[in-house]
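The values are calculated or read from the model by the stated rules, or taken from the named source; none is laboratory data. On a predicted model such as this, the values are computed, not experimentally measured, just so you know. Neighbour counts run over all protein chains shown; Cβ positions are idealised from the backbone, glycine included. Surface areas here come from the heavy atoms of the whole protein model, side chains and all, with no ligands, DNA or RNA. Shrake-Rupley method; radii C 1.70, N 1.55, O 1.52, S 1.80 Å.
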Amino acid sequence: SVTAGVLARLQDGPPAVVPTLSTAPATAITATTATLGGDVTADGGAPVTARGVVYVAGAGTPVVGAMGVVQVTAGNGTGAFTAPATGLSGGTTYTVRAYATNAAGTAYGTAETFSTALLSLVVNTGT
């Protein structure tokens, strides 16, 4: 009956919303690697089944599954996490966002930028 359906929904509590999270500043930045991460501070009422970071070279807004975007997964659940970015290009600016997914969808932290170091070149002059 309709009454039973409404009562069941009330007993289940409010519907889940997307998780709440933040993007951590990049650390340990070299010419080709960086440590990225985030912090999932609330699960939105449903378990966080995936989390990690997405990044793109330049000033784009990275989202999971978009062309040119690199996704690095970092487990599940709430709390702080790190994700290694490898294969980066030296002297390049990247935009990164943390993401977290639950039954209600995927949420993103704010976009942060970082720049990789220039590649070092050692020249042997033969002297």
Burial ranking of peptide ranges 89-102, 57-70 (average Cβ count within 10 Å, highest at the top): 89-102, 57-70
message: Using protein chains only and a probe of 1.4 angstrom, how many square angstrom of residue 81 are accessible, to the nearest 10?
response: 20
message: Against the 2.2 N^0.38 Å scaling, with N counting residues, where does the chain land? I'd like the Cα-based Rg ratio to two decimal places.
response: 1.43
task: Roll a 1.4 angstrom probe over the protein heavy atoms and tell me the percent of accessible area of the stretch 10-102 that is carbon or sulfur.
output: 57
